[in-house]
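Peer 1: Quick one: this structure, given as structure tokens, is what I'll be asking you about.
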Amino acid sequence: MPGEDIQSWSVTAANNGNSDTSIVWLEGQTRASVNNSSRSEMAAHAKDRNLKNGSIVTGGTANAQTFTSGVSYTTIPTGLVVKLKIGSGLTNTDSTTLNMDGIGATVINTDDGQGLKGGELVGDCYTDFLYNGTNWIFLYSREFFQELIVSGEGLIVGQQKFDTAGAFTYTPTPGMQCCIIECIGGGGGGGGASGWPGRTHQGGGGGSGGYSRKWATATEIGVSQAGTIGAGGGGGSGVSNGTAGTATNLGTLCTANGGGPGTASWESGAPGGGAGGAIGTGDIKIPGTPGGSGLWSFTTDQIWSLPGDGGAGPLGGGSNTSISADGGSGSGYGAGGAGGNAHSAAVARSGGPGASGAVIIIEFSGRGSPGRDGGTGPSGPMGPPGPAGAGTGDVLVSGTPAAGQVAQWVDTSHIKGVALATLIPPVETFSTGDGKITLKTTADTGWVMMNDGNIGSAASGATTRANADTQPLFNLLYANVDDVGAPLLTSSGVATTRAAQGTAAAAFAANCRMSLTKQLGRGIAVAGAGTGLTNRLLGRADGSETHVQTIAELASHHHQTLNQSSGALGGDGAVGSTGADFSPATTNTGSSSPMDIMNPRSYWNVMIKL
């Protein structure tokens, strides 16, 4: 072990004489060694401090991180605990290793032996690790656990509150997998109080709305869910009772009923408090709190306390009464209004209104049920054998088939899944400059007919196609065919040359027209120089349909004549009369008309790919 290392110290004091190679506390040691040992002991504490205070920053890569301990370890001490600051940009994305002092990459696991999944080590944040003798154990990262709880990928993804009386629509936060719905009904209004000199009238308080709670899945909620916030009941005036609060709901999933109204106080009858909201629907259903009872009295003496308070809402609040005053309004979701109080006066008092209800929805998501993902579970049992076939036995699956594959026999008793694309030959595709023969008279999309016209930009005035999509074919003809085979014209139709325009891009930008190679009425031949043949340039057109033979093209031959003495005929069939030799003359025949030199053929159209 290296020196100045707390991990090498013993818990038994007697064993620490020289347990650390840099610290000596032996009996009878020299005076000078005391100073050195004390200073080294301070250094050991400082190194251990740095290992635990987050001052050491990791390096390496996100999923293969490194750090230097400052102790120069050659092996990792079992039980070593470190707090490291994860390097900037090194938030892990998968299983991760940690390499201390170049000892070697060691896998980081959770305390249950599972590898990391990603996101546990957050860049620029602090993380605690413990080495258990085999692996580094991920102990704690505040940011990671905060992420699990409240982030968009965590346990709590949002909270939505609706507290305005009337209809509303709840739309889940993206990523919500389940939620807790809390509904509170509207509170009832307090009863009024009739004014009468020398008497006391106290209206009854309104009851609070009920409370319901429901756990629901994203499937139950759907894309959205309509709901209603219950309104608080109105307070009664004078001899009028209050009105009841109305129910709060989120669809049919969760409902909390409104509180009952307080009764008015006047000449007869007991002014009772309103009933609490009745039990609604949900997983947990709690009725509302009743309102306080009112009173009426023929005397104003001995009134020690005022009844008629509104029922407290499920989350607290409520309302109370003051002498010779209207009842207080309900405070807090679903609280009842207090009854009015008329004390020895002719002025009637009104009850207070109840508070409206509310819907509070806490939305959950996260990795697992809940928390981080667990490990892969064990394989399920093998299913029963299939029915026997006509072959040697039951058919067994080879490999792991995937959705969309087709079955292919491996041998006489096994099949495997094969991607359909591997069984279908690839479809050949055309590219710029490819041609095809056709009996169509109109070009396919992305093609033009080889009609001896020209192509160019939209402003070129080209006869076959004037459009920006012709540029690839324009460029190809510009580069591969010369000015004879595919002449270049200006936008006004005047001949120009490739040399004059410079580049294909410049010519296209100048709205030049590119002539298509001659094709109408012509056969197709292969360019190049075959053995013993004339070189034919790409794109050139030559040849003719007819030809007038010249004398040079005739086969070598002669015309025979005879003279009189020999009895031979002259070339014109006349017999010599003098018996002497003569120079014969023949007359011309034939018309010198061109002769047809075309081979038998069939005529198709040709189109070329833009």
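FYI, it's all coordinate maths here, none of it is from the lab. Just so we're clear, the structure is a prediction, and the values are computed from it rather than from any experiment. Here the Cβ is made from the backbone with ideal geometry for all residues, glycine too, and neighbour counts use every protein chain on show.
Peer 1: Residue 496's amide H: which non-local residues (gap 5+, or another chain) put their own amide H closer than 5 Å, with H modeled 1.01 Å from N in plane and none for Pro or chain starts?
Peer 2: 488, 489, 490
Peer 1: Okay, next question. Expressed in nm to one decimal, what extension gain is obtained for the pair residue 13 and residue 442 from 0.36 nm per residue of sequence separation less their Cα-Cα distance?
Peer 2: Once the chain is fully extended between residue 13 and residue 442, it gains 144.4 nm.
Peer 1: While we're looking at this one, here's another question. 7 Å from Cα along Cα→Cβ at both residue 26 and residue 88: what's the point-to-point distance in nm?
Peer 2: That separation, rounded to one decimal, is 5.0 nm.
Peer 1: Let me know the shape class of segment 6-52, please: from the alpha-carbon gyration tensor, a ≥ b ≥ c as square roots of the eigenvalues, rounded when a/c is under 1.5, otherwise prolate if a/b is greater than b/c, or oblate.
Peer 2: Cα axes put segment 6-52 in the oblate bin.
Peer 1: Oh, and also: Within the set of other residues whose C-beta is less than 15 Å from the C-beta of residue 336, count the net charge using Lys and Arg as +1 and Asp and Glu as -1.
Peer 2: Neighbourhood net charge equals -2.
Peer 1: Quick one: which residues, 5+ away or cross-chain, put their amide H under 5 Å from the amide H of residue 24? H built at 1.01 Å from N.
Peer 2: Amide H neighbours of residue 24: 37.
Peer 1: Still on this model: Which of 516, 238, 45 sits farthest toward the positive end of the charge dipole of the chain, with +1 on the Cβ of Lys and Arg and -1 on the Cβ of Asp and Glu?
Peer 2: Highest projection toward the positive end goes to 238.
Peer 1: For n ≥ 4 DSSP H runs only, could you compute -39500 (n - 2.57) per run for the chain, divide by its residues and tell me the 222 nm figure to the nearest 500?
Peer 2: -2500 deg cm²/dmol
Peer 1: Using only Cα atoms, what is the ratio of the radius of gyration of the chain to 2.2 N^0.38 Å?
Peer 2: Against the compact-globule rule of thumb, the ratio is 2.05.
Peer 1: Read phi for every residue in segment 259-267 and hand back ³J(HN,Hα) as whole Hz from Karplus 6.51 cos²θ - 1.76 cosθ + 1.60, θ = phi - 60°, with x for Gly and Pro.
Peer 2: Here the 3J(HN,Hα) series is x, x, x, x, 8, 6, 10, 8, 6 Hz.
Peer 1: Now for a different question. So how much slack lies between residue 542 and residue 494, counting 0.36 nm per residue of separation and subtracting their Cα-Cα distance, in nm?
Peer 2: Value of the extension gain: 15.0 nm.
Peer 1: Of the peptides 316-327, 241-252, how do they stack up when ordered by the mean number of other Cβ atoms within 10 Å, highest first?
Peer 2: 241-252, 316-327
Peer 1: Further, regarding this structure: In segment 279-300, whose amide N lies under 20 Å from the spot 7 Å out along Cα-to-Cβ of residue 226? List them in ranges.
Peer 2: 281
Peer 1: Can I ask one more? By average Cβ neighbour count within 10 Å, what is the ranking of 516-527, 476-487, 42-53 from highest down?
Peer 2: Per-residue mean Cβ counts within 10 Å order the peptides as 476-487, 42-53, 516-527.
Peer 1: Another question, then. Among 125, 183, 178, which comes first, then next, by fewest other beta-carbon atoms within 10 Å?
Peer 2: Ranked by crowding around the Cβ, least crowded first: 125, 178, 183.
Peer 1: Further question on the same structure: How high is the FRET efficiency from residue 164 to residue 344, r the C-beta distance, R0 45 Å, rounded to 0.05?
Peer 2: 0.65
Peer 1: Kindly write out, for segment 515-532 in residue order, the coupling ³J(HN,Hα) from the Karplus curve 6.51 cos²θ - 1.76 cosθ + 1.60 (θ = phi - 60°), rounded to whole Hz, with x marking Gly and Pro.
Peer 2: Per residue, the Karplus-derived 3J(HN,Hα) values read 6, 6, 4, 5, 9, 4, x, 10, x, 10, 10, 9, 6, x, 10, x, 4, x Hz.
Peer 1: In whole Hz and in residue order, list the ³J(HN,Hα) couplings for segment 190-207 that follow from phi through the Karplus curve 6.51 cos²θ - 1.76 cosθ + 1.60, θ = phi - 60°; x for Gly and Pro.
Peer 2: So the J values, rounded to whole Hz, are x, x, x, 10, 6, x, 7, x, x, 10, 10, 10, 10, x, x, x, x, x.
Peer 1: Under unit Cβ charges (Lys, Arg +1; Asp, Glu -1), what dipole magnitude, rounded to 20 debye, does segment 158-368 have relative to its Cα centre?
Peer 2: It works out to roughly 180 debye.
Peer 1: Sequence-distant or interchain residues sharing an amide H contact under 5 Å with residue 118, placed H: which?
Peer 2: For residue 118, whose amide H was placed from the backbone, the distant partners under 5 Å are 94.
Peer 1: Starting from 0.36 nm per residue, how many nanometres of slack lie between residue 397 and residue 106 once their C-alpha separation is accounted for?
Peer 2: So the extension gain works out to 100.9 nm.
Peer 1: On to the next question. Treating only the Cβ of Lys, Arg, Asp and Glu as charged (+1, +1, -1, -1), what charge dipole size does segment 435-515 show about its Cα centre? Round to the nearest 20 debye.
Peer 2: Taking the Cα centre of segment 435-515 as origin, the dipole is about 100 debye.
Peer 1: Related question: How many nm is it between the label spots at residue 588 and residue 215, if each spot is 7 Å from the Cα in line with the beta carbon?
Peer 2: 11.6
Peer 1: Counting only GluC sites (Glu not before Pro) that sit in a DSSP loop (anything but H, G, I, E, B) with at most 15 other Cβ atoms within 10 Å, what is the longest stretch of the chain containing none of them?
Peer 2: In the chain, the maximal stretch lacking such sites is 268-427.
Peer 1: Still on this structure, please answer the following. Please give the charge dipole size of the chain, origin at the Cα centre, charges +1 on K and R Cβ atoms and -1 on D and E Cβ atoms. Round to the nearest 20 debye.
Peer 2: The calculation lands at about 780 debye.
Peer 1: Along the Cα→Cβ direction, 7 angstrom out, place labels at residue 553 and residue 74. What is the inter-label distance in nm?
Peer 2: Distance between the two pseudo-spin positions: 10.0 nm.
Peer 1: Once R0 is set to 51 Å, what does the formula 1/(1 + (r/R0)^6) return for the Cβ-Cβ distance between residue 421 and residue 126, expressed as a FRET efficiency to the nearest 0.05?
Peer 2: E(calc), rounded to 0.05, equals 0.55.
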